[in-house]
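Comments concern the structure below.
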Amino acid sequence: MARAFLVVLDSVGIGGAPDAARFFGGGQSDRGANTLAHIAQARGGGLHLPVMDRLGLGAAVRLASGEGAPGLGTEPEGLWGCATEASPGKDTPTGHWELAGVPVPWVWHYFPDEEPAFPDEVVKAVTDAAGTEGILGNCHASGSEIVARLGAEHLRTGWPICYTSADSVFQIAAHEESFGLQRLLDLCHAVAPLLHQMRVGRVIARPFVGDADTGFVRTANRRDFAIAPPAPTLCDWVQEAGGKVHAIGKIGDIFSMRGIDDVWKGSDAELMGHLARAVDGAEPGSLTFANFVEFDSLYGHRRDVEGYARALEWFDAALGRILPGLRPGDLMVLTADHGNDPTWPGTEHTRERVPVLVAGLGSGQIGKVAFVDVAASVAAHLKLPERGPGRSFLP
């Protein structure tokens, strides 16, 4: 039996979304944003991504946006194209759900960029669950910045730090030791139903350690409490057919563990090790679904062009060591969930098309497809019953 590997490079957009002018960030529309091309253009010598370029990455950028990405121009040897999102959002759950065959049928709730940002009912729910007299923050903020600014006050008062961003998220930061990691997770779990009822996509636990003298550092124990997908996704389809679904990175959180058999987490470097082990040992008929988040979290939101470029080149080199391990009949799809152009104003995601690169099934252009076609193609490869709105692009 065949196996499938669906790998999402979080935020690695390639421009050209036809509705980008309807989406805004940093006071400017997303029309013209192009994460990959602009990184390559801003960097002397462009990008060195020979493995993904051979699969068709440079060609996909040109197809999606008409722009060139310096350093990417190899004649493709894989199946390649680009995908366009239909759902009204440019966030992580929206992109992943649609890639898994389920467009989002509602408009997410976003908190206003003002202070206070949260309604009284949300603040009361947090204080009741936390057993505190108040919260800190109550605003839009960068996670590292607000922890640095309010960490000492949090240690003194014990009040949780609550903040949001341009995404549909409610984030709670607390000290792992003085507040307690399990207490933070319990707090997020307690308030998540109210936030989900408001159509806020995720409640995110953001634990940190340190003190005012040495500085505060966020830990790897982040956890997302996401609203459940509104319909069965590719993950459920695989399980219903008797296959295993292995989640790498934050996939389990994004899908609220629906249709997921096990989860492997860690830094992107650790996730690459998990992916290599899955390629080596995943069962026939299984789906391995991976998300590499650091392109987005460490470099896109922080507008770090050089850091983003180095991360892409590291990923490409690591991928080159993994691809030879694919077995005959295996399918690996490399794609993204949205853009996050580090040259663009603001610190938000950008509405872009994404690459679709297919290893294991020959070469050729698949053209411009829909996000949902990714799910349909993986399902067709695994010989699952046809369902959902997508159509397979496999030959």
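The values are calculated or read from the model by the stated rules, or taken from the named source; none is laboratory data. The structure displayed is predicted, hence computed values, not measured ones. Neighbour counts are summed over all protein chains in view; Cβ atoms, including those assigned to glycine, are modelled from backbone coordinates with ideal geometry. In case anyone asks, the SASA skips ligands and DNA or RNA and just uses the protein heavy atoms, side chains included. Shrake-Rupley method; radii C 1.70, N 1.55, O 1.52, S 1.80 Å.
So that you can scan it fast, the table gives a plain yes or no per residue for (1) at pLDDT 95 or above; (2) closer than 19 Å to Asp316 by Cβ; (3) not in a loop (DSSP other than H, G, I, E, B):
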{"site": "Val8", "(1), (2), (3)": "yes, yes, yes"}
{"site": "Gly46", "(1), (2), (3)": "yes, yes, no"}
{"site": "Val51", "(1), (2), (3)": "yes, yes, yes"}
{"site": "Arg62", "(1), (2), (3)": "yes, yes, yes"}
{"site": "Ala83", "(1), (2), (3)": "yes, no, yes"}
{"site": "Lys90", "(1), (2), (3)": "no, no, no"}
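For segment 356-378, the tally of residues that are out of contact with any Ser or Thr (no Cβ under 6 Å at 6 or more places or on another chain), part of a strand (DSSP E or B) and buried (at least 22 other Cβ atoms within 10 Å of the Cβ) stands at 4.
Select, from Val203, Val245, the only residue that is crowded, with 22+ Cβ neighbours inside 10 Å, among the β-branched types (Val, Ile, Thr) and in contact (Cβ under 8 Å) with a residue 40 or more places away in the chain. Going through Val203, Val245 in turn, just one is crowded, with 22+ Cβ neighbours inside 10 Å, among the β-branched types (Val, Ile, Thr) and in contact (Cβ under 8 Å) with a residue 40 or more places away in the chain: Val245.
Let's see how each residue does on (1) aliphatic (A, V, I, L, M); (2) more than 28 Å from Val238 (Cβ to Cβ); (3) in the same structural domain as Ala83 (by the TED database):
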| residue | (1), (2), (3) |
| --- | --- |
| Val8 | yes, no, yes |
| Gly16 | no, yes, yes |
| Gly25 | no, yes, yes |
| Arg31 | no, yes, yes |
| Ile39 | yes, yes, yes |
| Gly56 | no, no, yes |
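Candidates Gly73, Gly81: the one that is closer than 23 Å to Gly364 by Cα, in the same structural domain as Gly16 (by the TED database) and free of Cβ contacts under 8 Å to residues at least 60 places away in the same chain is Gly73.
Considered as a group, the residues in segment 194-227 that are among the aliphatic types (A, V, I, L, M) and in a strand (DSSP E or B) include one that is nearest to Thr94 (Cα to Cα), and that residue is Ala226.
From Val245, Val263, grab the single residue that is closer than 20 Å to Gly360 by Cβ, of a type in the set (A, V, I, L, M, F, W, C) and assigned by the TED database to the domain that holds Gly95.
Answer to the check: Val245.
Scanning segment 88-112 for residues that are open to solvent by 40 Å² or more (accessible area, probe 1.4 Å) and either in contact with a Leu (Cβ under 6 Å, 6 or more places away or on another chain) or without any contact (Cβ under 8 Å) to a residue 24 or more places away in the chain (or both) turns up Pro88, Pro112. Annotation: of all residues in segment 34-87 being β-branched (Val, Ile, Thr) and open to solvent by less than 10 Å² (accessible area, probe 1.4 Å), the one that is farthest from Phe393 (Cα to Cα) is Ile39. On the given criteria, is Glu283 touching a residue at least 12 places away in the same chain (Cβ under 8 Å) and farther than 24 Å from Asp316 by Cα? Judged against the criteria, Glu283 is a match.
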